[in-house]
Every structure is written in C-alpha cells, then in structure tokens.
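The values are calculated or read from the model by the stated rules, or taken from the named source; none is laboratory data. What you see is a predicted model; the values in this text were computed from it and never measured. Because the Cβ atoms are built from the backbone with ideal geometry, glycine has one as well, and the counts that use them run over all protein chains shown. Ligands, DNA and RNA are stripped out before the accessible areas are found, and what is left, the full protein with its side chains, is counted by its heavy atoms. Shrake-Rupley method; radii C 1.70, N 1.55, O 1.52, S 1.80 Å.
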Amino acid sequence: MVRSRIAGIGKYIPPHTVTNHDLIQYMDTSDEWIQERTGIRERHYAHRTEETTTTMSVEAARIAMERAGTRAQDIDFIVFATLSPDYYFPGCGVLLQRAMQMKEIGALDIRNQCSGFLYALSVADQFIKTGTYKNILVVGSEKHSFGLDFSTRGRNISVIFGDGAGAVVLQPTEEQEQGILSTHLHSDGESAELLAMYNPGTHANHWAARNYAAFNESEIGDMFMSHAMIDNAQNFPFMDGQSVFKKAVVKFPEVIKEALNANGLAPADLKLLIPHQANLRISQFVQQKLQLRDDQVFNNIQHYGNTTAASVPIALCEAWEQGRIQKGDLVCLAAFGSGFTWGSALLKW
Ligand code: UT7
C-alpha cells in the first residue's frame, strides 16, 4: 500500500524577537502573568513591510524542498494553511506558486486556523495515497503581528501570538514501516464565535442573536467594513479564553487516543507527541492525561508563542533538527482551535 511520508521539512522564524517585557510598553501586562498563564517568554514578529505570510512560507518551503531533494518544478500541488493571508482573496497558495516560479499546479488554501496544518496534511495525504500527486508542498504560515490589538483591551490575545512558517514536502513511500498511518479531523461549529475575527465579513449581524459578548449591533452594523468597526476595534480577533481552554483539554487527548486506537497503539508507544503550541498549560494537561513522560512531548511555545497554522510544522521541524525524531519513530501531531476544529495525525518517521 502506498503511504505518504514527509520527505523534507523546513521552518522560518523571523529574526525580530519580542519579549514579554517588550509588550509592557504597549499594554498593561507583565512577564509573570504571561509566563504563568501561557508559558510564553518571547515570540518573533515579521518585518512589518518586508515580510508577509507568503514570503515567510517561501523561506520554509525552500528548506523543506532542499532537504527533500525536490526542485520547484517537481512540486505538483500546494496546500497552504493560514488565518492571516496576504490578501482577503486570493489566498496565499497562488502567491507561493508565483514566488517560487512553479508550474501551473493546483494551489489549495485551508481555513482551519490552529488545526489548519493538520487539515492541510490530511488533504495532501489523500492525494498521495490515491496516486494523484507525487510531490506536495504543505505549508502553515502566519503573520499575526499585523492584525493584533496591542492596547490593553486586546491583551488576552495579543500576548499569545507570534509569527513564523513551517513547510513539508509530502511524497509517496512503499516502505511498510514509514509514513502517515492515519489522520483524524473534527469540527463543532456550535462555538464558532468563541474564537473568531468577525470583521470584515458578510454576516451583517446575522448571528448576533447568539448573544456573544463581542457582538454589538450598533458597532458592527450591516457593512462589510466601516469606520465604526475600526473605531471599536471590531476588526481584531476575539477569544473567550477560558471556554477555549476547557474544550481544548478534552479534545486534545480524545483525538490523540482516536489516532492511537485506530492503529492498535497506546500512548506508551509514542516517541514524540507534537501538540499545537496554544498554551504550555494545555500541553502539560494533555501530557498528564495521557500519562506521557516529559521526553515524549515537544514544546517550544516558550520561544515562539502560538503561531496557529505554523505551530505544528515549526515544532516538528525543530524536534527533527534537534535529533529527537529518528527513522521509524512513532510521532503524533495534534491540534485544536477556532471553529472549533481539531485533528491528529499519526506517523512513522
Ligand atoms: O490556539 C488557539 C486556541 N487558543 C487557546 O487554546 C487559548 C486557550 N485559552 C488560554 O490559553 C487562556 O484562557 C488565556 C491565556 C488566553 C487567558 O488565561 P486565563 O487564565 O483564562 O485568564 P482570563 O482570560 O480568565 O483572565 C484572567 C484575568 C482577567 O482579569 P480580571 O477580570 O480577573 O481582573 C484579565 O483581564 O487576567 C487578565 N488578563 C491579563 N492580565 C495581564 C488577560 N490578559 C492579560 C494579560 N496580562 N496579557
């Protein structure tokens, strides 16, 4: 049976580091609060004008392709996950295709926020398994720093997020003991407004009756974009952090166990769990719930913050670069976030 395997992996972290102390000049926060609640010590921000979500993805993709021994003209499909695209439309997939001077291949954009990379990987996996494509570039990239509310009003969100990109080249393998064993995707739109950016959008208050705190009809109005939206900071993300946290600590273990059960495996079999880097406390909770040792869970949120669709490939890349993943190792990737959407992938490296 043909499976897909990660033939090359790369990451790009913009050089500009922003510590918790740096954020104090913009908002009422503290290093203690941020570290205690999230584990984050610093994050990286893209250059405001010279770097975009797409340009960062190009850097990560170049490394992944070099490590896979693949040239731009060999790539036959792109799957690009982001919630911070260069343009509202078209998506970043075509911008990456253009920047890398690839052939007129298909480019698919994924809008699944924190679980975006898992969704992207799963789609690519199906194309490889059916024999449709042989070299798929799967990317997660985010330039959050351009779209956050840096006033005290937005502090529960803005201290968490960071910028960066990760990419893999997926190829077929016929080796028995290698590749993606299974992927598992889920959603529950019941809580869509608990972690969302409402504007600009076409909702025209249609969902306001659901009575979410961030909906204020007089401020949102019936425009795609208005001065009032901007004046009232309605163009920034909204998050009910505690509700998201509570759901995350249930769904992460659930979807990881689902992946293990589907393959007749147990948590003890895992070499490494790479959870989406949402909050160090969430990862620690998941570790405890699954009774995993410290060396079985990879965390790097301390240095990069939460990079949403980029966090899983960045963490996977860093773990691999540090020698923590060797050929034949069982690795589980898992994510949960806005939507809510969540997912996992189990693979043999
Ligand atoms: O990756 C996508 C998925 N996202 C997640 O998984 C995030 C899940 N949620 C979380 O990680 C946590 O809920 C947060 C880190 C976002 C917030 O931590 P929390 O312990 O849930 O804090 P809270 O929102 O309940 O706020 C507690 C207090 C509030 O003050 P009062 O009302 O108690 O006086 C906030 O105003 O902390 C205040 N606060 C802050 N204080 C200093 C909120 N943000 C900050 C801040 N600095 N940055």
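Of everything in region 148-167 that is part of a helix (DSSP H, G or I) and open to solvent by less than 30 Å² (accessible area, probe 1.4 Å), the residue that is farthest from Thr308 (Cα to Cα) is Gly154. Among the residues examined, Leu333 does not qualify as over 17 Å from the mean Cα position of the chain (by Cα) and either surrounded by 24 or more Cβ atoms within 10 Å (Cβ to Cβ) or assigned by TED's automatic domain parsing to the domain that holds Val139 (or both).
When the strands (runs of 3 or more DSSP E) confined to region 1-69 are screened for residues that are more than 16 Å from the ligand (Cβ to nearest atom) and without any contact (Cβ under 8 Å) to a residue 60 or more places away in the chain, those reaching at least 1 such residues are found at 16-19. When we screen Ala310, Ala345, Ala315 for residues that are within 12 Å of the ligand (Cβ to nearest atom), buried (at least 24 other Cβ atoms within 10 Å of the Cβ) and at pLDDT 95 or above, the only hit is Ala310. Filtering region 189-204 to residues that are part of a loop (DSSP other than H, G, I, E, B) and closer than 16 Å to Asp240 by Cα leaves Met197, Tyr198.
The helices (runs of 4 or more DSSP H) found entirely in region 218-302 that carry 3 or more residues being more than 15 Å from the ligand (Cβ to nearest atom), open to solvent by 50 Å² or more (accessible area, probe 1.4 Å) and outside the structural domain of Arg155 (by TED's automatic domain parsing) are 227-231, 241-262. Restricting to region 94-109, give me the number of residues that are of a type in the set (Gly, Ala, Ser) and over 18 Å from Lys134 (Cβ atoms). The number of residues fulfilling the criteria is 1.
Quick check: anything in region 103-126 open to solvent by less than 20 Å² (accessible area, probe 1.4 Å) and among the acidic types (Asp, Glu)? Looking for residues that are open to solvent by less than 20 Å² (accessible area, probe 1.4 Å) and among the acidic types (Asp, Glu), one finds at least one in region 103-126, hence yes.
Taking Pro200 as meeting all but one of (1) modelled with pLDDT of 85 or more; (2) open to solvent by less than 20 Å² (accessible area, probe 1.4 Å); (3) more than 13 Å from Ser338 (Cα to Cα), write down the number of the exception. It fails just one condition, (2). Scan region 87-131 residue by residue and report those that are without any contact (Cβ under 8 Å) to a residue 40 or more places away in the chain and part of a loop (DSSP other than H, G, I, E, B). Across region 87-131, the qualifying residues are Tyr87, Phe89, Pro90, Gly91, Gln101, Met102, Lys103, Glu104, Ile105, Arg111, Thr130.
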